[in-house]
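*Asks:* Please see the structure below; I have some questions.
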Amino acid sequence: MSEKPPIAHLIRLHDLPEQDVDDLLDLSSRIKRRPGGFQLNGKSVGMLFFRGSLRTRASFEAAMQQLGGHSINLNASSDFWELETTVGGRMDGKSPEHVKDAAAVLSRYVNVLAIRPALGGQSWAIDRRDEDIQSWARYAEVPVINMESALWHPLQSLADLLTLRETLGPLRKKKLAIVWTNSPTPASSAVTNSLLLSAARAGMDVRVAHPSGYELDDEVLSSAAHIAEIAGTTVETGLSAKDAVSGAHVVYARSWQGIEDYGNPTLSASRRARERGWMIDEALMRQGADAKLMHAMPVRRNLEVTDEVFDGARSLIYAQAENRLHTQKAVLVKFNRT
């Protein structure tokens, strides 16, 4: 008897072969042009949120409903309990169930599992391991989709790539500026990490601007440099906002938590309070090459981005958010088990 082929999961977008990513984007475009042309009648996706969500949950649920399938939404804070991930330990703590058992059972109910894991928020060295999402992928018997872990957000990255292709056409040698913005509620670096690697592999020259203390994960930067070398592109980090935006075709605004003060909210707030001027306004956008604005949302208006730019002709933010629907439909079509 032949062994079953390994289950395909979507944990990091750059784990997929480049052709598979291109195929997903092409499928997204076809679905967007012909919404009723693809169906998942009788299929289901189970979504488990261990953290809050607005766009991811709404777009996933809408996508599955429009494809004729069904979604089951569960929130750890209200619908079920925390799950144990430690292997071989005595379960005498607060978690009454192991992820191994939850994954095995849910795999018998649904065709795809989509997970947004919790973040410990105390230690970057621990959180960056992404152990929770890896546990789901290890134990599930159906495809697991990462809806944003500490390190990666493949779904946002797919929508970003589709938006970039629709706006710029071929992406090779186009210039992307990723600019840190100040926010009292900084996000994880997952969106930035995924975008950095995906854009470099797509052939874009990427510049990352941020203040001192907000450097990205060393291994992520090493991977980006390696990908850029293979793709014949460039990745520059640690720039000023003006230097990063100069000549850029797209400016991607994003706040992220500094690794140096990760898990220390007092130090984090003190560091952010010292950073002035890290906001996207029209004067900065004019440094680009007819630059367009992108942001994964939520956006703190007139703190991260001015109303003038957000609501102006440069902004792709709403189109970018809409593309979450189309790219997630493509993911559901591709990863649903036959």
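The values are calculated or read from the model by the stated rules, or taken from the named source; none is laboratory data. Keep in mind that this is a model prediction, so the values were computed, not measured. Cβ: placed from backbone, ideal geometry, glycine included. Neighbour counts: every protein chain shown.
*Asks:* List pairs: first residue in the range 107-128 and within 11 Å of Glu141 (Cα to Cα), second residue modelled with pLDDT under 95 and among the charged types (D, E, K, R) anywhere in the structure, Cβ distance under 6 angstrom, at least six positions apart or on different chains.
*Replies:* Filtered contacts from the range 107-128: Asn111/Arg337.
*Asks:* For a quick check of your reading: which helices (runs of 4 or more DSSP H) sit entirely within the range 101-218 and have at least 2 residues that are surrounded by fewer than 16 Cβ atoms within 10 Å (Cβ to Cβ), in the same structural domain as Pro17 (by TED's automatic domain parsing) and not polar (S, T, N, Q)? Reasoning before the result, please.
*Replies:* Values: elements: 124-127, 131-139, 154-168, 190-201.
The qualifying helices (runs of 4 or more DSSP H) are 124-127.
*Asks:* Quick check on the range 59-71. Is at least one of its residues at pLDDT 95 or above, surrounded by 14 or more Cβ atoms within 10 Å (Cβ to Cβ) and among the aromatic types (Phe, Trp, Tyr)?
*Replies:* Checking the range 59-71: at least one residue is at pLDDT 95 or above, surrounded by 14 or more Cβ atoms within 10 Å (Cβ to Cβ) and among the aromatic types (Phe, Trp, Tyr).
*Asks:* Give the residue that is farthest from Gly69 (Cα to Cα), with candidates limited to residues of the range 138-152 that are touching a residue at least 60 places away in the same chain (Cβ under 8 Å) and within 17 Å of the chain's Cα centre (by Cα).
*Replies:* Looking at residues that are touching a residue at least 60 places away in the same chain (Cβ under 8 Å) and within 17 Å of the chain's Cα centre (by Cα), I get Leu151.
Every residue, every condition in (1) crowded, with 16+ Cβ neighbours inside 10 Å; (2) not assigned by TED's automatic domain parsing to the domain that holds Arg207, yes or no:
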| residue | (1), (2) |
| --- | --- |
| Lys292 | yes, no |
| His295 | yes, no |
| Asp307 | no, no |
| Phe310 | yes, no |
| Gln328 | yes, yes |
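*Asks:* A further question follows. Given the structure, is Asp218 more than 22 Å from Arg300 (Cα to Cα), out of contact with any Lys or Arg (no Cβ under 9 Å at 6 or more places or on another chain), among the charged types (D, E, K, R) and without any contact (Cβ under 8 Å) to a residue 60 or more places away in the chain?
*Replies:* Taking the combined requirement at face value, the residue satisfies it.
*Asks:* Now a separate question. When the residues of the range 84-95 are narrowed to those that are touching a strand residue (DSSP E or B) at 6+ places or on another chain (Cβ under 8 Å) and free of Cβ contacts under 8 Å to residues at least 40 places away in the same chain, which ends up nearest to Asn41 (Cα to Cα)?
*Replies:* Within the range 84-95, the match that is nearest to Asn41 (Cα to Cα) is Glu84.
*Asks:* Among Ser53, Ser28, which is the only one that is in contact with a helix residue (DSSP H, G or I) (Cβ under 8 Å, 6 or more places away or on another chain), surrounded by 15 or more Cβ atoms within 10 Å (Cβ to Cβ) and of a type outside the set (A, V, I, L, M)?
*Replies:* Ser28
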